[in-house]
Amino acid sequence: MSVQICKDPQAQSRVEQIVSNIKNLPTPPIVFNQIQKVINKESASSGDVAKILSEDPSMSAKVLKMTNSAFYGLSREIDSVKQAVMIIGFDAVKNLVLSASVMGMFNGSKIDPEFQERFWRHSLATALAGRLAAQSIRSRGMIDTDTAFSAGLLHDIGKLVIGCFMQDEFVAIREIMENDESIDESTAELEVLGFSHEQIGAALAQFWNLSDGLVDAIAFHHVPHESETPNSMAYMVCVANHVAKKSFASEYTGCPTLELSPKVLAYLDITDESIEELSTKLISEYTKAETFMSMAGV
């Protein structure tokens with residue numbers, strides 16, 4: 001493993017074992033893996049990426065739908081996948097395919113529908129906040145806005161793994177939180193499982209061969225300063241997660257709100273005023289998630 005997910009070697013081994021042993025664990029479609037390989041070639045062209053997408057009509061339709069949505073705010077309608085690739089770029093298409101893939105993977109699962117709706121609404125709010133933060137924060141290097149969106153969308157994916165494949169433990173975690181509202185979710189997960197949703201989510205991202213930056217952002221989105229190889233994306237997702245919860249606080253009743261560490265603010269060189277501005281922008285931009293919400297089935 002290139003990113004050390006757990007400080008405890010036993011927890012690391014258990015997380016790896018669980019991910020490898022889960023039957024029917026969702027995997028990204030072949031089209032995503034093919035696009036990743038093509039984009040990494042210097043000679044890659046928009047035609048190459050479009051050709052791969054054309055082999056998956058359903059994914060092509062989703063990419064076109066998202067490209068033409070308010071999310072990108074293009075002045076004219078795009079009617080071909082090749083056009084979409086040329087206009088929004090290789091990385092944007094790759095991240096759109098990843099987003100659409102993940103949302104489709106867990107559709108139809110037996111997980112509590114109310115929990116799943118709350119999960120996707122928060123994930124999408126965090127993704128949008130990450131995109132906004134990437135647009136506005138210039139310190140510590142630039143982060144691609146579409147990559148920031150994907151990192152925000154995937155940051156809590158471990159919660160779905162627990163909910164879908166460890167249902168008894170999922171119920172036990174919820175009971176602990178209901179009985180003591182001062183306990184946050186990660187603490188309850190550690191008590192029941194010995195690892196948290198951040199760790200199982202990062203292990204899943206590694207299983208999918210996602211970038212080390214995405215894996216690290218998922219693993220350390222609550223405590224980015226604890227990563228052995230800290231990167232701006234983990235800090236960005238930490239901020240985005242906080243902004244999403246702050247902006248839609250009424251949806252998080254019963255969940256303790258964790259304040260941003262001064263280390264996070266200092267690393268990104270942002271202020272409380274910047275957080276307020278991001279929150280205001282997120283509330284007005286949230287309607288742009290409508291296309292993604294329909295894809296998630298909520």
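No lab work stands behind these numbers, since they all come straight from the coordinates. Predicted, not measured: the structure shown is a model, and the values here were computed from it. Cβ coordinates were reconstructed from backbone atoms using ideal geometry, including for glycine residues, and neighbour counts include every protein chain displayed.
Which value, in debye to the nearest 20, describes the size of the charge dipole of the chain about its Cα centre when Lys and Arg Cβ atoms bear +1, Asp and Glu Cβ atoms bear -1, and nothing else is charged? Don't skip to the end; give the middle numbers.
Values: 24 positive and 39 negative charges, 236 e Å.
The dipole of the chain has a size of about 1140 debye.
Fully extended, how many nm does the chain gain between GLU114 and GLN83 (0.36 nm per residue separation, minus their Cα-Cα distance)?
7.4 nm
Rounded to the nearest 20 debye, what is the charge dipole size of the range 27-105 about its Cα centre when +1 sits on each Lys and Arg Cβ and -1 on each Asp and Glu Cβ? List each step's numbers first, then the result.
Values: 8 positive and 7 negative charges, 9 e Å.
The calculated dipole for the range 27-105 is roughly 40 debye.
For a Förster distance of 51 Å, can you work out the FRET efficiency between the beta-carbons of ALA70 and ASP180, rounded to the nearest 0.05?
0.80
In debye to the nearest 20, how big a dipole does the range 87-131 give about its Cα centre with +1 on each Lys and Arg Cβ and -1 on each Asp and Glu Cβ?
80 debye
Among ALA289, VAL161, LEU96, whose Cα projects farthest towards the positive end of the dipole of the chain, with charges put on the beta-carbon of Lys, Arg (+1) and Asp, Glu (-1)?
Of the listed residues, the answer is LEU96.
Along the positive direction of the dipole of the chain (beta-carbon charges: Lys, Arg +1; Asp, Glu -1; about the Cα centre), which of VAL85, PHE248, PRO9 reaches farthest?
The one lying farthest along the dipole's positive direction is VAL85.
Does the range 27-105 classify as rounded, prolate or oblate by the C-alpha gyration tensor (a ≥ b ≥ c root eigenvalues; a/c under 1.5 gives rounded; else a/b over b/c gives prolate, otherwise oblate)? Write out the running numbers ahead of the final one.
Details: a/c = 1.72, a/b = 1.16, b/c = 1.48.
Note, shape of the range 27-105 comes out oblate.
Select from the range 126-222 those GluC sites (Glu not before Pro) which occupy a DSSP coil region and have at most 14 other Cβ atoms within 10 Å, ordered by residue number.
Numbers: sites: GLU169, GLU175, GLU178, GLU181, GLU185, GLU189, GLU191, GLU198; in loops: GLU181.
Within the range 126-222, the qualifying GluC sites (Glu not before Pro) (loop, at most 14 other Cβ atoms within 10 Å) are GLU181.
For LYS7, give me every one of the aspartates and glutamates with a C-alpha distance below 12 angstrom, ignoring sequence neighbours fewer than eight places off in its own chain.
Once the sequence-local aspartates and glutamates are set aside, what remains near LYS7 is GLU226, GLU228.
Please work out the FRET efficiency for the pair ASN21 and THR229, using the Cβ-Cβ distance as r and a Förster radius of 22 Å; give the result to the nearest 0.05.
FRET efficiency, ASN21 to THR229: 0.20.
If you build a Gaussian network model of the chain, linking Cα atoms that sit under 10 Å apart, which residue out of ASN40, ASN231, ASN241 swings the most?
Checking each option, the largest mean-square fluctuation is seen for ASN40.
Set the Förster radius R0 to 22 Å, insert the Cβ-Cβ distance between ASP91 and ASN209 as r into 1/(1 + (r/R0)^6), and round the FRET efficiency to 0.05. The partial results should precede the final answer.
Values: r = 16 Å, r/R0 = 0.74.
E(calc), rounded to 0.05, equals 0.85.
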